[in-house]
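A.B. asks: Here it is: the structure, laid out below.
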Amino acid sequence: VYASTYRWDNGNIAPQRTISRAGLYSVEVSNVCDTVQQVLEVEQVVCGCQVYVPTAFTPNNDGINDGFTFQNYAHSVESFECIILNRWGSVVAEFNSITDVWNGDLQNGTAANAGVYFYKYSGETFLSESFKGQGTIQLLR
């Protein structure tokens, strides 16, 4: 077995390379017998953006379900926004990130009343796949 050298299109000389995006990548492998250049096409398959949304939360500072948040399983959300409304249609909270958390307070900092709230969200993955949804969340005190 002869020792081989590697040269990737990005200048890396390691035998392995981590690929995180779809595209064309080339590597040149050489040893005493030959030099071979290989172009690899990496495709990313989009399986849909799954978003888990809880149905209730209890902002009582016990460390369990203290906030309303989205748990994203797509790992590739580029943009996200959500509005939370009370039963009269007034905005009580807004999200600009999939990781934002509503702690049960109104935008003025006072505690929101226990009850059912409506939310509507939308977002886009890094592959320009749009997703959206809506539902209700119950705030328990």
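A.B. asks: If only one of E78, E129, E94 is in contact (Cβ under 8 Å) with a residue 60 or more places away in the chain and among the charged types (D, E, K, R), which one is it?
C.D. replies: Only one candidate passes the filter, namely E129.
A.B. asks: Name the single residue, out of those in the stretch 126-140 being of a type outside the set (A, V, I, L, M) and not in a loop (DSSP other than H, G, I, E, B), that is farthest from V51 (Cα to Cα).
C.D. replies: Out of the qualifying residues, it is Q138.
A.B. asks: The conditions are (1) within 30 Å of D9 (Cα to Cα); (2) in contact (Cβ under 8 Å) with a residue 40 or more places away in the chain; (3) of a type in the set (S, T, N, Q), and T55 fails exactly one of them. Which is it?
C.D. replies: (1)
A.B. asks: Let me ask another. Give me the pairs, please: first residue somewhere in the stretch 30-42 and under 10 Å from S4 (Cβ atoms), second residue anywhere and of a type in the set (G, A, S) and open to solvent by less than 70 Å² (accessible area, probe 1.4 Å), beta-carbon distance under 9 Å, and either six or more positions apart or on two chains.
C.D. replies: S30/S4; N31/S4; V36/S30
The values are calculated or read from the model by the stated rules, or taken from the named source; none is laboratory data. Quantities reported herein were computed from a predicted structural model and do not represent experimental measurements. Cβ sites come from the backbone with ideal geometry, for glycine too, and all protein chains shown count toward neighbours. Just so you know, the surface numbers come from the protein's heavy atoms only, side chains and all, with ligands and any DNA or RNA stripped out. Shrake-Rupley method; radii C 1.70, N 1.55, O 1.52, S 1.80 Å.
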